[in-house]
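This report concerns only the one structure given below.
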Amino acid sequence: MLWVPLVSGLAIVLTIILSQLRSLDQSWAIILSTVFAVIVLLSLIPQVGQLMELFHGIANEAKVGTMYLSPVLKTVAVAYITSFGSQICKDAEEKTIAHIVELAGKVVICIIALPVIQAILYSLFGLIS
């Protein structure tokens, strides 16, 4: 938990530096912010592993199969990755590309959700007949 204030402090300092750097060289500012984001994300991998174990434990206790848990976790991952990629594009002032990244993420989320939607529809059809 101690790393959260550290990351926040570094982010504030980096934001001040980036605001000055953007006026000098936009490309280095984008690279520096992307490197910072990647380093923070890589440092979060152990916490994500713990979170996954927790979700699997809850799913096992609730007797919910991975058929339902897996799409939810995949959807969350796609949403975060899409948001990250889109924001980098927006920082680079490439709004059209950012919108395309967001659209691609939404399409992938719909594809991930298909098995759950199918299971719900089959259950409804079973109740009706």
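The values are calculated or read from the model by the stated rules, or taken from the named source; none is laboratory data. Remember, it's a predicted structure, so these values are computed and weren't measured experimentally. For neighbour counting, all protein chains shown are included, and Cβ atoms are generated from backbone atoms with ideal geometry for every residue, glycine included.
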Just checking, how many residues over the range 44-77 are basic (Lys, Arg) and either more than 16 Å from the chain's Cα centre (by Cα) or at pLDDT below 85 (or both)? 1
Whichever residue in the range 95-129 is assigned to a helix (DSSP H, G or I) and of a type in the set (Gly, Ala, Ser) and, among such residues, is nearest to Leu69 (Cα to Cα): Ala113
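Residue-by-condition table, conditions (1) among the β-branched types (Val, Ile, Thr); (2) free of Cβ contacts under 8 Å to residues at least 24 places away in the same chain:
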residue	(1), (2)
Lys63	no, yes
Ser70	no, yes
Thr75	yes, no
Gly85	no, yes
Lys95	no, yes
Cys110	no, yes
Val116	yes, no
Leu124	no, yes
Ile128	yes, yes
Could you check how many residues of the range 90-106 are farther than 17 Å from Val40 by Cβ and more than 15 Å from the chain's Cα centre (by Cα)? 9
Does Ile88 satisfy being modelled with pLDDT of 90 or more, out of contact with any Phe, Trp or Tyr (no Cβ under 7 Å at 6 or more places or on another chain), assigned to a helix (DSSP H, G or I) and surrounded by 12 or more Cβ atoms within 10 Å (Cβ to Cβ)? no
Is it the case that some residue within the range 94-102 is surrounded by 11 or more Cβ atoms within 10 Å (Cβ to Cβ), touching a helix residue (DSSP H, G or I) at 6+ places or on another chain (Cβ under 8 Å) and closer than 21 Å to Val4 by Cα? no
Number of positions in the range 11-59 that are out of contact with any helix residue (DSSP H, G or I) (no Cβ under 7 Å at 6 or more places or on another chain) and either without any contact (Cβ under 8 Å) to a residue 12 or more places away in the chain or more than 29 Å from Thr75 (Cα to Cα) (or both): 29
Can you name the condition, by its number, that Asp91 falls short on among (1) touching a residue at least 40 places away in the same chain (Cβ under 8 Å); (2) more than 21 Å from Ala29 (Cα to Cα); (3) among the charged types (D, E, K, R)? (2)
